[in-house]
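S.K.: This is the structure I want to talk about, given as C-alpha coordinates.
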Amino acid sequence: EADIYQTPRYLVIGTGKKITLECSQTMGHDKMYWYQQDPGMELHLIHYSYGVNSTEKGDLSSESTVSRIRTEHFPLTLESARPSHTSQYLCASSESGMGRGTQYFGPGTRLTVL
Amino acid sequence: SQQGEEDPQALSIQEGENATMNCSYKTSINNLQWYRQNSGRGLVHLILIRSNEREKHSGRLRVTLDTSKKSSSLLITASRAADTASYFCATDGVNSGGSNYKLTFGKGTLLTVNP
(Lines give C-alpha, C1' and ligand atoms only; values in the text may rest on other atoms or scores of the structure.)
Protein backbone atom coordinates (compact mmCIF):
# COMPACT_ATOMS: atom_id res chain seq x y z
CA GLU A 1 0.00 0.00 0.00
CA ALA A 2 1.28 3.42 -0.97
CA ASP A 3 1.35 6.18 1.65
CA ILE A 4 -0.93 8.51 -0.25
CA TYR A 5 -4.32 9.51 1.07
CA GLN A 6 -7.40 11.13 -0.37
CA THR A 7 -10.41 12.53 1.41
CA PRO A 8 -13.28 12.32 1.15
CA ARG A 9 -13.66 8.94 -0.55
CA TYR A 10 -17.20 9.77 -1.64
CA LEU A 11 -18.88 13.15 -2.00
CA VAL A 12 -22.40 14.00 -3.14
CA ILE A 13 -23.14 17.71 -3.37
CA GLY A 14 -25.49 20.13 -5.05
CA THR A 15 -24.75 22.33 -8.04
CA GLY A 16 -22.94 25.57 -7.27
CA LYS A 17 -21.15 24.39 -4.14
CA LYS A 18 -17.45 24.96 -3.61
CA ILE A 19 -15.51 21.80 -2.83
CA THR A 20 -11.95 20.85 -2.03
CA LEU A 21 -10.60 17.37 -2.56
CA GLU A 22 -7.68 16.60 -0.30
CA CYS A 23 -4.56 14.63 -1.22
CA SER A 24 -1.60 13.98 1.04
CA GLN A 25 1.46 11.78 0.75
CA THR A 26 4.07 10.87 3.34
CA MET A 27 6.74 9.60 0.94
CA GLY A 28 8.44 12.96 0.41
CA HIS A 29 7.77 12.85 -3.34
CA ASP A 30 8.31 16.05 -5.27
CA LYS A 31 5.96 15.17 -8.11
CA MET A 32 2.19 15.02 -7.62
CA TYR A 33 -0.67 14.58 -10.07
CA TRP A 34 -4.45 14.77 -10.34
CA TYR A 35 -6.31 12.56 -12.78
CA GLN A 36 -9.98 12.44 -13.73
CA GLN A 37 -11.48 9.08 -14.63
CA ASP A 38 -15.01 8.26 -15.76
CA PRO A 39 -16.25 4.69 -15.12
CA GLY A 40 -14.60 2.17 -17.41
CA MET A 41 -12.51 4.83 -19.10
CA GLU A 42 -8.90 5.95 -19.20
CA LEU A 43 -7.29 8.38 -16.80
CA HIS A 44 -6.91 11.97 -17.94
CA LEU A 45 -4.24 14.18 -16.35
CA ILE A 46 -5.82 17.46 -15.22
CA HIS A 47 -3.10 18.97 -13.00
CA TYR A 48 0.45 18.23 -11.93
CA SER A 49 3.13 19.71 -9.73
CA TYR A 50 6.88 19.22 -9.79
CA GLY A 51 7.40 20.76 -6.36
CA VAL A 52 6.32 23.40 -3.88
CA ASN A 53 4.79 26.47 -5.56
CA SER A 54 4.83 24.67 -8.93
CA THR A 55 1.54 23.76 -10.60
CA GLU A 56 0.71 23.07 -14.23
CA LYS A 57 -2.43 22.21 -16.16
CA GLY A 58 -2.60 18.74 -17.59
CA ASP A 59 -3.73 17.35 -20.90
CA LEU A 60 -7.46 17.57 -20.15
CA SER A 61 -8.93 20.99 -19.59
CA SER A 62 -10.49 21.30 -16.15
CA GLU A 63 -12.31 24.07 -14.31
CA SER A 64 -10.64 22.96 -11.10
CA THR A 65 -7.60 24.61 -9.53
CA VAL A 66 -4.78 23.22 -7.40
CA SER A 67 -2.19 24.52 -4.98
CA ARG A 68 1.11 23.14 -3.66
CA ILE A 69 2.16 25.04 -0.56
CA ARG A 70 3.66 22.00 1.16
CA THR A 71 5.45 19.04 -0.38
CA GLU A 72 3.07 16.53 1.11
CA HIS A 73 -0.21 18.28 0.28
CA PHE A 74 -1.85 18.84 -3.13
CA PRO A 75 -5.52 19.86 -2.79
CA LEU A 76 -7.88 20.30 -5.73
CA THR A 77 -10.66 22.89 -5.59
CA LEU A 78 -13.83 23.38 -7.62
CA GLU A 79 -15.27 26.87 -7.02
CA SER A 80 -18.72 26.03 -8.33
CA ALA A 81 -19.50 22.37 -8.89
CA ARG A 82 -21.68 21.29 -11.81
CA PRO A 83 -23.13 17.90 -12.83
CA SER A 84 -20.49 17.71 -15.58
CA HIS A 85 -17.86 17.48 -12.81
CA THR A 86 -19.27 14.14 -11.69
CA SER A 87 -16.38 11.70 -11.96
CA GLN A 88 -13.67 9.90 -10.00
CA TYR A 89 -10.63 11.98 -9.10
CA LEU A 90 -7.34 10.18 -8.49
CA CYS A 91 -4.25 11.70 -6.90
CA ALA A 92 -0.78 10.28 -7.44
CA SER A 93 2.84 11.06 -6.63
CA SER A 94 6.25 10.02 -7.89
CA GLU A 95 9.91 10.42 -7.07
CA SER A 96 12.35 12.68 -8.84
CA GLY A 97 15.20 11.45 -10.97
CA MET A 98 15.41 9.78 -14.33
CA GLY A 99 14.07 6.25 -14.33
CA ARG A 100 11.88 6.92 -11.33
CA GLY A 101 8.65 7.13 -13.28
CA THR A 102 6.48 4.91 -11.11
CA GLN A 103 3.43 6.72 -9.82
CA TYR A 104 1.76 5.85 -6.54
CA PHE A 105 -1.98 6.38 -6.38
CA GLY A 106 -4.43 7.24 -3.66
CA PRO A 107 -7.77 5.41 -3.39
CA GLY A 108 -9.63 8.16 -5.25
CA THR A 109 -12.57 10.45 -4.53
CA ARG A 110 -15.83 9.66 -6.26
CA LEU A 111 -17.66 12.95 -6.78
CA THR A 112 -21.33 13.22 -7.67
CA VAL A 113 -22.81 16.65 -8.37
CA LEU A 114 -26.59 16.76 -8.39
CA SER B 1 -3.83 12.46 -28.13
CA GLN B 2 -4.25 8.86 -27.13
CA GLN B 3 -0.87 7.29 -26.44
CA GLY B 4 -1.65 3.85 -25.08
CA GLU B 5 -4.35 1.60 -26.45
CA GLU B 6 -5.05 -1.72 -24.76
CA ASP B 7 -6.41 -4.73 -26.52
CA PRO B 8 -8.72 -6.48 -25.87
CA GLN B 9 -11.09 -4.11 -24.07
CA ALA B 10 -12.41 -7.02 -22.02
CA LEU B 11 -11.21 -10.55 -21.38
CA SER B 12 -12.93 -13.35 -19.48
CA ILE B 13 -11.05 -16.52 -18.58
CA GLN B 14 -11.16 -19.43 -16.14
CA GLU B 15 -8.95 -19.69 -13.09
CA GLY B 16 -5.64 -21.32 -13.94
CA GLU B 17 -5.58 -20.05 -17.52
CA ASN B 18 -3.14 -17.47 -18.78
CA ALA B 19 -4.26 -13.95 -19.68
CA THR B 20 -2.55 -11.82 -22.30
CA MET B 21 -3.20 -8.13 -22.78
CA ASN B 22 -1.65 -5.92 -25.41
CA CYS B 23 -0.83 -2.23 -25.55
CA SER B 24 0.09 -0.09 -28.52
CA TYR B 25 1.44 3.42 -28.40
CA LYS B 26 2.28 6.13 -30.89
CA THR B 27 5.37 8.09 -29.92
CA SER B 28 8.85 7.31 -28.62
CA ILE B 29 9.05 6.47 -24.96
CA ASN B 30 11.56 6.20 -22.12
CA ASN B 31 9.64 3.43 -20.43
CA LEU B 32 6.28 1.69 -20.36
CA GLN B 33 4.44 0.70 -17.23
CA TRP B 34 1.53 -1.57 -16.40
CA TYR B 35 -0.93 -0.76 -13.63
CA ARG B 36 -3.84 -2.62 -12.11
CA GLN B 37 -7.08 -1.08 -10.84
CA ASN B 38 -9.63 -2.90 -8.75
CA SER B 39 -13.16 -1.62 -9.20
CA GLY B 40 -13.57 1.90 -7.85
CA ARG B 41 -10.07 2.07 -6.37
CA GLY B 42 -6.76 3.72 -7.19
CA LEU B 43 -4.17 2.22 -9.48
CA VAL B 44 -1.39 -0.06 -8.31
CA HIS B 45 1.91 -0.21 -10.16
CA LEU B 46 2.77 -3.68 -11.44
CA ILE B 47 5.89 -3.43 -13.55
CA LEU B 48 8.03 -0.96 -15.48
CA ILE B 49 10.00 -1.86 -18.59
CA ARG B 50 12.54 0.52 -20.09
CA SER B 51 12.82 1.25 -23.78
CA ASN B 52 16.12 -0.68 -23.99
CA GLU B 53 14.61 -3.80 -22.43
CA ARG B 54 12.69 -6.45 -24.33
CA GLU B 55 11.28 -8.62 -21.58
CA LYS B 56 10.77 -8.43 -17.84
CA HIS B 57 9.36 -10.82 -15.25
CA SER B 58 7.81 -10.25 -11.86
CA GLY B 59 6.23 -13.25 -10.17
CA ARG B 60 3.41 -14.45 -12.42
CA LEU B 61 3.74 -11.39 -14.65
CA ARG B 62 5.71 -11.27 -17.88
CA VAL B 63 5.97 -8.07 -19.89
CA THR B 64 7.44 -7.70 -23.35
CA LEU B 65 8.25 -4.53 -25.24
CA ASP B 66 8.77 -4.15 -28.97
CA THR B 67 9.79 -0.57 -29.66
CA SER B 68 9.94 -1.17 -33.42
CA LYS B 69 6.23 -2.01 -33.37
CA LYS B 70 5.47 0.39 -30.52
CA SER B 71 3.72 -2.35 -28.61
CA SER B 72 3.85 -4.19 -25.32
CA SER B 73 2.15 -7.24 -23.87
CA LEU B 74 1.33 -8.26 -20.32
CA LEU B 75 1.01 -11.96 -19.59
CA ILE B 76 -0.47 -13.16 -16.32
CA THR B 77 0.15 -16.86 -15.84
CA ALA B 78 -1.95 -19.26 -13.78
CA SER B 79 -4.61 -16.62 -13.20
CA ARG B 80 -6.63 -16.42 -10.00
CA ALA B 81 -10.04 -14.95 -9.24
CA ALA B 82 -8.21 -12.23 -7.29
CA ASP B 83 -6.58 -11.08 -10.55
CA THR B 84 -9.97 -9.75 -11.67
CA ALA B 85 -9.35 -6.04 -12.31
CA SER B 86 -8.71 -3.49 -15.02
CA TYR B 87 -5.19 -3.35 -16.38
CA PHE B 88 -3.72 -0.19 -17.88
CA CYS B 89 -0.55 0.49 -19.75
CA ALA B 90 1.05 3.89 -19.30
CA THR B 91 3.75 5.55 -21.30
CA ASP B 92 5.90 8.55 -20.74
CA GLY B 93 6.66 10.67 -23.77
CA VAL B 94 10.23 11.44 -24.68
CA ASN B 95 8.92 14.92 -25.46
CA SER B 96 7.71 15.43 -21.88
CA GLY B 97 10.22 18.23 -21.39
CA GLY B 98 12.96 15.62 -21.38
CA SER B 99 11.53 14.09 -18.21
CA ASN B 100 9.62 10.88 -17.73
CA TYR B 101 7.27 12.12 -15.09
CA LYS B 102 4.03 12.64 -16.98
CA LEU B 103 2.25 9.46 -17.99
CA THR B 104 -0.42 8.83 -20.59
CA PHE B 105 -2.77 5.97 -19.81
CA GLY B 106 -4.70 3.75 -22.19
CA LYS B 107 -8.37 2.84 -21.77
CA GLY B 108 -7.51 -0.42 -20.07
CA THR B 109 -8.42 -4.09 -20.37
CA LEU B 110 -11.06 -5.41 -18.00
CA LEU B 111 -9.98 -8.90 -16.96
CA THR B 112 -12.47 -11.24 -15.34
CA VAL B 113 -11.16 -14.49 -13.91
CA ASN B 114 -13.95 -16.93 -13.18
CA PRO B 115 -13.50 -19.39 -10.31
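The values are calculated or read from the model by the stated rules, or taken from the named source; none is laboratory data. Predicted model, so just to flag it, every value in this text is computed and none were measured. Backbone-built Cβ (ideal geometry, glycine too); neighbour counts: all protein chains shown. Heavy atoms of the whole protein, side chains included, go into the accessibility calculation; ligands, DNA and RNA do not. Shrake-Rupley method; radii C 1.70, N 1.55, O 1.52, S 1.80 Å.
S.K.: Of the residues in segment B:47-69, how many are of a type in the set (Lys, Arg) and either open to solvent by less than 40 Å² (accessible area, probe 1.4 Å) or part of a loop (DSSP other than H, G, I, E, B) (or both)?
M.R.: Going through segment B:47-69 one residue at a time, the tally reaches 3.
S.K.: Condition first: assigned to a strand (DSSP E or B), out of contact with any Leu (no Cβ under 7 Å at 6 or more places or on another chain) and within 14 Å of another protein chain (Cβ to nearest Cβ). Now tell me which residues in segment A:67-111 satisfy that.
M.R.: Matches in segment A:67-111: A:Gln88, A:Cys91, A:Ala92, A:Ser93, A:Ser94, A:Tyr104, A:Arg110.
S.K.: Shifting gears a bit: Can you tell me which residues in segment B:2-21 are in a strand (DSSP E or B) and touching a residue at least 60 places away in the same chain (Cβ under 8 Å)? Walk me through how you get there before you give the answer.
M.R.: First, the residues of segment B:2-21 that are in a strand (DSSP E or B): B:5-7, B:10-14, B:19-21.
Scanning segment B:2-21 gives B:Glu5, B:Glu6, B:Asp7, B:Ala10, B:Leu11, B:Ser12, B:Ile13, B:Gln14, B:Ala19, B:Met21.
S.K.: Do you know which of the residues in segment A:19-66 that are in a loop (DSSP other than H, G, I, E, B) and under 20 Å from A:Asp3 (Cβ atoms) is most open to solvent (accessible area, probe 1.4 Å)?
M.R.: First pass over segment A:19-66, keeping only residues in a loop (DSSP other than H, G, I, E, B): A:26-30, A:38-42, A:52-53, A:58-64.
Subsequent filtering for residues that are under 20 Å from A:Asp3 (Cβ atoms) retains A:26-30, A:52.
On the way: A:Thr26: 98, A:Met27: 57, A:Gly28: 55, A:His29: 13, A:Asp30: 65, A:Val52: 67 Å².
Looking at residues that are in a loop (DSSP other than H, G, I, E, B) and under 20 Å from A:Asp3 (Cβ atoms), I get A:Thr26.
S.K.: Does segment A:83-114 hold any residues that are charged (D, E, K, R) and in contact with an Asp or Glu (Cβ under 8 Å, 6 or more places away or on another chain), and which are they? Lay out the reasoning, then the answer.
M.R.: Going through segment A:83-114, the residues charged (D, E, K, R) turn out to be A:95, A:100, A:110.
Residue satisfying the conditions is A:Glu95 alone.
S.K.: Okay, moving on. Being within 21 Å of A:Pro39 (Cα to Cα), surrounded by 21 or more Cβ atoms within 10 Å (Cβ to Cβ) and of a type in the set (A, V, I, L, M): is that true of B:Leu32 here? Give the steps one after another, and end with the answer.
M.R.: Working: within 21 Å of A:Pro39 (Cα to Cα): no; surrounded by 21 or more Cβ atoms within 10 Å (Cβ to Cβ): yes; of a type in the set (A, V, I, L, M): yes.
Criteria not met by B:Leu32.
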